[in-house]
Structures are given as structure tokens and as C-alpha cells.
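Undergrad: I'd like to ask you about the structure that follows.
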Amino acid sequence: MNSMFDLTGKTALVTGSSRGIGRAIASTFAQAGANVIIHGSRAGGKLSETVTEIKSNGGKAIGIAAD
């Protein structure tokens, strides 16, 4: 893994991570080996896209919609 830090076996909850800076942080954590919980205010859409993108790059992610 070419990461500055190793998060293998850790779980990260990134709020507001379906777009923008939060999405970039969630993707970086996943690349570092973390199991990522993606949070967004609405189910589907960008939330699902972010989870799919992380998984397609070999990461582990689930999406949670909450206000």
C-alpha cells in the first residue's frame, strides 16, 4: 500500500462524506485500509456513488443516510 498511514482494521465514520472534502477524506481513509462509514443527509444519489466508488477501488464502505 502506498499510503502515508495505515488504517487496516480500523473503522472511520466520515460525516458529510457523500461529496466534496468529506468524500475525498473517506476515499483516502479507505485507500489506507479503513472500513469506512459514509454519511450523507439523503439515501441514494451521491451517497451511493461514493460507496460504489470506494468499493470499486478495493475499499470497504457502507452508506448511512441521516439528518
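The values are calculated or read from the model by the stated rules, or taken from the named source; none is laboratory data. Here the structure is a predicted model, which is why all the values come from computation and not from measurement. Every residue, glycine as well, gets a Cβ built from its backbone with ideal geometry; the counts of neighbours run over all protein chains shown. Just the protein is used for accessible areas: all its heavy atoms, side chains included, with ligands, DNA and RNA removed. Shrake-Rupley method; radii C 1.70, N 1.55, O 1.52, S 1.80 Å.
Undergrad: Pick from the stretch 47-67 the residues that are free of Cβ contacts under 8 Å to residues at least 40 places away in the same chain and in a strand (DSSP E or B): which of them is nearest to L7 (Cα to Cα)?
TA: Looking at residues that are free of Cβ contacts under 8 Å to residues at least 40 places away in the same chain and in a strand (DSSP E or B), I get K60.
Undergrad: Oh, and also: Might you let me know whether the stretch 18-36 holds any residue that is among the polar types (S, T, N, Q) and closer than 16 Å to A66 by Cα?
TA: yes
Undergrad: Hey, another quick one. How about the stretch 9-46: which of its residues are among the aliphatic types (A, V, I, L, M), open to solvent by 10 Å² or more (accessible area, probe 1.4 Å) and outside any loop (DSSP other than H, G, I, E, B)?
TA: A12, L13, V14, I21, A24, I25, A30, I37, listed by residue number.
Undergrad: Failed condition for I64, given (1) surrounded by 12 or more Cβ atoms within 10 Å (Cβ to Cβ); (2) in contact with a Ser or Thr (Cβ under 8 Å, 6 or more places away or on another chain), with all others met?
TA: (2)
Undergrad: Check whether at least one residue in the stretch 41-53 is within 9 Å of the chain's Cα centre (by Cα) and of a type in the set (G, A, S), and report yes or no.
TA: Checked the stretch 41-53: no residue is within 9 Å of the chain's Cα centre (by Cα) and of a type in the set (G, A, S).
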